[in-house]
Structure formats: C-alpha cells, structure tokens
Number of protein chains: 2
Amino acid sequence: MYKIDFQNFFTYSFSSDIVIFGCQEGEIHVLLIKRAMEPFKDIWAIPGDLIYPDEDLQDASERILFELTKLRNIELHQAQTFANPNRHPQGRVITCSHFALVRIEDVVAQASSWAEDIDWIPMREVPELAFDHNLILQSTYDVLKQKLATEPVCFDMLPEKFTLHELQLLYEYAFEINMDKANFRKKIKPIPLISLDEKQKNVKHRPAKLYSFDRKRFQEKIEKEHYRFKMY
Amino acid sequence: MYKIDFQNFFTYSFSSDIVIFGCQEGEIHVLLIKRAMEPFKDIWAIPGDLIYPDEDLQDASERILFELTKLRNIELHQAQTFANPNRHPQGRVITCSHFALVRIEDVVAQASSWAEDIDWIPMREVPELAFDHNLILQSTYDVLKQKLATEPVCFDMLPEKFTLHELQLLYEYAFEINMDKANFRKKIKPIPLISLDEKQKNVKHRPAKLYSFDRKRFQEKIEKEHYRFKMY
DNA sequence: GCAAAAGTGTTTGGATTACACCCATGC
DNA sequence: GCATGGGTGTAATCCAAACACTTTTGC
C-alpha cells in the first residue's frame with residue numbers, strides 16, 4: 001500500500017495528440033508538423049498540445065484541431081494513452097492520442113508559432129518522428145484500420161463526391177491487399193450511396209460515375225433492418 | 001494560442017482503473033469493490049489507484065490488479081481515458097481504464113484498506129457506481145466485446161478445461177443473442193482446441209467433453225496459414 | 001421411462017471468388 | 001487504333017441458418 005500524500009500526485013502534465021488522416025490518390029496521408037522549438041526542433045511530429053487545467057479532453061482536442069486546420073465539427077476518435085515516465089524530456093507528460101478524418105482539400109494547413117512547417121505525408125513514407133510519436137502514430141493507425149473495417153468512416157476522408165474506384169483504393173491501401181473490382185462492387189452493394197448525375201472530368205479513360213454517402217439512409221438501415229457495416 | 005506557463009500544467013493527478021472480468025455459469029461478471037472511504041463511501045466502484053510519479057501506466061495497472069486479486073502475469077488491455085475536469089470531487093483526476101480477464105476460481109478476492117467489501121457482479125446486474133464509473137464500465141465492456149469478436153480472449157476467462165457449451169454461453173451473453181448449437185460448433189471448428197480425455201462430472205444429463213485452448217497451435221495457424229480469429 | 005443436455009447430419013439460400021467480357025475516353 | 005480504367009455477368013464454391021435427429025447421463 002502506498003503512503004504518499006495525495007498532493008504529491010499532482011505533478012503531471014497531460015496532453016492530447018491529434019493524428020489527422022486524409023486520403024489522396026488512393027493513399028492515406030497523415031498531417032505532420034515540423035517542430036519550431038526544442039525539444040526535437042526541426043523534427044517531424046504529430047500535432048498536439050497540453051490541456052488546460054479546467055479543460056475537457058474533448059474540448060482540448062477540438063481546439064488543437066481547429067488551430068491547425070481551421071476545421072470545426074469534425075468527429076474525434078480517441079485511440080490510446082501513453083504514459084511512459086520518460087517519454088518527454090522536460091517532465092512527466094501523459095498524452096492521449098486521437099485521430100480525425102478530414103478531406104485534404106478542406107484543410108487550410110498553415111505554419112504557426114509551434115510548427116515551422118506542415119505537410120501531408122503518405123502513411124507508408126513517414127520518417128522518424130519526435131518523442132515516441134512513431135509508436136503513437138502506428139497504434140493510432142491500427143485503431144483507424146479497425147474502424148474502417150466496422151464503421152463507415154471512410155466517407156469522412158474521401159471527397160464529398162467520389163468514385164467507387166477511389167473507395168476501393170482506400171481499402172486496398174489500408175489493408176494492404178488487392179481486391180477484384182467486380183467483387184468489391186458486389187460487396188459494397190448494401191451500403192446506401194447516392195448515385196449522382198455527374199462524372200469525372202479530364203481523365204484519359206472512360207469517366208467514372210460519382211457517388212456520395214447517404215448518411216440518412218445508412219442510419220435508417222441500422223435502426224430498421226439488422227444491418228451492420230462490415231468491410232474486410 | 002495559450003499563454004499559460006508550462007509549470008501551471010503540472011496540476012493533475014492520474015489514475016488507472018482496472019475492470020476485472022470473469023465468467024461464471026455463462027454470465028460475464030465484473031469484480032467491484034465497495035469503497036471504504038470518502039468520497040462515495042459504501043458505494044460500489046471499479047478498483048483503481050493513483051499512479052506514482054515515476055511509474056509507468058502498465059506497471060501501475062499490474063500493481064493494482066495484484067493488490068486486489070494476488071494475480072500476476074495477467075494481460076492488461078487498455079480501454080479508454082476519462083478526463084472530464086469535474087469527474088472527481090477532490091481535484092482533477094484523469095483516469096485510464098483497463099480490463100483484465102481472469103478465471104474467477106483463481107482469484108483470492110479480499111477486502112483491503114480501501115475496499116470494505118468486494119464482489120463479483122453479473123454485467124447485467126450492475127448497480128449505480130461511484131464517480132463516472134458506470135460510464136467507464138460500459139465503455140470498457142464495449143471494448144471487451146470488440147476483442148471477444150476478433151481475438152481469442154474468451155479463453156482467458158473460461159476455466160482451463162471448459163465445455164463447448166460454456167464457450168457458447170459466453171458469446172451468447174456478450175452479444176445478447178442466441179446461437180444454434182450445431183451451427184456454433186461448425187463455426188468454431190477452425191479454432192485449435194485440445195480435446196481432453198475428460199468429461200464433466202456430477203451433472204444430471206449426458207456429461208460434456210472437456211476442451212482446452214491450444215495457444216501454441218493457434219499462433220502457428222496465424223503465422224503459417226492466413227488464419228484470422230473471427231466470431232460474430 | 002423421462003427429462004435434460006450432448007453431439008451430429010442434411011438441406012437450402014446467400015455470399016464470396018475467380019474470371020471473362022464489353023464500354024467510353026484521350027491521344 | 002490502342003492504352004487505360006469503367007462497368008457488368010456467370011459459374012463454382014464456400015459458408016451460415018434452420019431444423020431434425022440420435023446419444024448419454026441422473027433420477
């Protein structure tokens with residue numbers, strides 16, 4: 001049994017890290033920042049910030065996301081908490097990782113006082129990161145893949161209007177597999193999509209039809225039928 | 001941009017809560033404690049404790065589990081972190097919930113200085129708990145169910161030697177469904193089990209064969225074949 | 001014999017797989 | 001015309017659900 005005074009426990013710092021994922025040309029990208037200050041100055045890192053003493057984790061995460069991307073009302077998914085006592089050289093900082101799924105074209109990415117540079121990097125080309133951020137990124141990516149398999153979060157990172165091929169590429173990239181085109185289309189048949197009267201433009205092949213996700217009909221299907229989203 | 005001094009952030013307390021699950025007569029139980037001190041004295045709660053300033057989250061969780069159950073070398077699964085500023089009346093305590101799966105017969109549950117009582121309670125009969133522990137318990141149970149569907153963790157809560165019917169009851173309880181006996185047995189065919197030369201005793205019906213989980217062959221199947229555990 | 005649960009086989013329909021084929025566009 | 005991807009059909013196979021039936025124990 002420990003005999004340390006309660007007050008001595010109030011010596012931690014707590015932060016939230018936000019892994020922002022997007023999709024471009026079939027590749028899942030992550031938004032990383034190049035740190036503008038020590039420690040790990042000039043090294044790429046996951047955006048994150050300390051949490052205010054009276055701030056909820058959710059609010060802090062939304063604040064961090066907004067400061068970096070100017071996006072609001074994006075769903076934040078909690079992933080994992082990292083509490084190794086030595087993970088931060090300046091003191092004990094416990095961090096809780098989250099991820100957000102955004103459309104890359106919606107983001108007005110910009111440098112800031114704590115980020116001298118900022119860039120979208122394909123998940124398979126991520127360099128060495130600051131702190132334990134490679135570990136955090138990998139485990140957060142694993143949670144994303146889990147969600148991609150069981151929830152329709154893919155539509156949060158695809159453009160509003162997408163082709164079925166883009167959808168397929170996203171899953172192929174995430175699960176590192178190749179799928180048969182015809183079979184993939186049969187598999188996604190139950191997902192309620194809105195078939196738009198629009199086609200791709202300026203492509204050097206037959207232009208593909210555009211679709212968007214029918215979120216309303218999806219909810220209805222879950223409630224009324226026994227429907228469960230399931231990929232892979 | 002925040003302008004608060006870095007030192008002001010070191011005003012938190014951090015704790016680990018351990019939801020201990022077991023299985024008895026086909027029902028998933030949780031080990032709860034009746035608090036011996038304020039706040040919430042005499043109220044049921046999830047066991048947990050503050051983390052030492054230089055202690056890793058994993059070590060702290062193992063310590064808490066051992067103090068309560070005298071069990072070591074039990075896998076701890078991280079679930080979710082709760083950081084609402086008002087969740088603890090005595091200060092800002094951020095807690096990270098975990099779960100452990102144990103065999104109820106292995107646990108030497110005992111009261112302690114911080115728990116005047118301790119009991120296994122079926123998940124469907126959990127009373128009002130202290131703090132935000134009902135919320136924590138529910139979300140941790142959801143993570144357990146997720147794991148039950150994709151990893152062979154069921155065998156950590158069943159007796160070493162179990163009947164196929166016990167296995168079925170566990171899944172029926174977790175997913176709140178009824179399964180056909182014959183179909184269930186076909187579904188679990190790919191799971192490598194050791195068929196023991198032993199049977200149930202003192203039952204007033206045909207005694208069932210006992211099995212145990214073949215962890216070694218399971219690992220081999222994953223590595224050599226393309227096998228993926230998948231229930232429900 | 002009867003109750004209760006163990007344990008197995010058969011049929012059916014729907015989903016998954018592999019593969020083949022035709023279509024529209026830019027160059 | 002041809003390269004490139006868009007888009008669809010078919011047949012074989014596997015898998016899941018529904019259901020029926022036999023077996024073994026205690027009382």
Problem set entry | Built amide H within the under 5 Å cut-off of A:ILE28, gap 5+ | A:MET123
Problem set entry | Between helix B:57-69 and chain B: long-axis angle, C-alpha atoms, 0 to 90°, nearest 10 | 70
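Counting pairs of alpha carbon atoms under 8 Å apart in space and at least six apart in sequence, what relative contact order in percent does the range A:16-141 give? Working shown, then result.
Values: 228 pairs, mean separation 46.3, N = 126.
It rounds to 37 percent for the range A:16-141.
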Exercise. Modelled label-to-label distance, A:GLN146 and B:TYR52, 7 Å Cα→beta-carbon offset: nm?
Worked result: 2.9
Seminar exercise, completed: Gyration tensor on Cα atoms of the range B:43-157, a ≥ b ≥ c root eigenvalues, a/c under 1.5 rounded, else prolate if a/b beats b/c, else oblate, says rounded
Problem set entry | Nm distances between copies for A:LYS161, ranked from closest, using label points 7 Å along Cα→Cβ | 6.8
Exercise. So who's got an amide H within less than 5 Å of the one on A:MET179, skipping anything under 5 residues away but keeping other chains? H placed 1.01 Å off N, in plane.
Worked result: none
Problem set entry | A:MET37/A:ASP59 FRET efficiency (R0 22 Å; Cβ-Cβ; nearest 0.05) | 0.35
Problem set entry | Qualifying trypsin sites (Lys or Arg not before Pro) for the range A:17-118 [loop in DSSP, other Cβ within 10 Å: at most 10] | A:ARG72
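What percent do you get for the relative contact order of the range B:57-108 when only Cα pairs under 8 Å and 6+ apart count?
The value is 36 percent.
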Problem set entry | Nearest-first distances (nm) between copies at B:PHE66, label 7 Å from Cα via Cβ | 4.6
Exercise. Sorted from shortest, what are the nm distances separating the label point of A:ILE194 from equivalent points in the other copies, each placed 7 Å from Cα along Cα to C-beta?
Worked result: 5.8
For this session: Kindly express, to the nearest 10 degrees and within the range 0 to 90, the angle between helix A:215-224's C-alpha long axis and the longest C-alpha principal axis of chain A.
Result: 90
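Say a site is exposed when it is one of the GluC sites (Glu not before Pro), sits in a DSSP loop, and has at most 14 other Cβ atoms within 10 Å; what is then the longest site-free stretch of chain B?
Details: sites that count: B:GLU25, B:GLU75, B:GLU128, B:GLU160, B:GLU176, B:GLU225.
No qualifying site falls inside B:76-127, the longest such stretch.
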Exercise. So how far apart, in nm, are the two label points at A:LYS199 and B:ILE194 if each is 7 Å from Cα heading toward Cβ?
Worked result: 6.4
Exercise. In terms of modelled amide H atoms, which long-range or inter-chain residues lie less than 5 Å from the amide H of A:GLU151?
Worked result: none
Problem set entry | In order through the range B:125-133: 3J(HN,Hα) via Karplus (6.51 cos²θ - 1.76 cosθ + 1.60), integer Hz, x for Gly, Pro | 10, 6, x, 5, 10, 5, 6, 9, 6
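Throughout, read-outs are computed from the coordinates displayed, never taken from laboratory work. It should be emphasised that the depicted structure is a prediction, and the values quoted were computed from it without experimental measurement. Please note: Cβ atoms are built from the backbone with ideal geometry, for glycine as well, and neighbour counts cover all protein chains shown.
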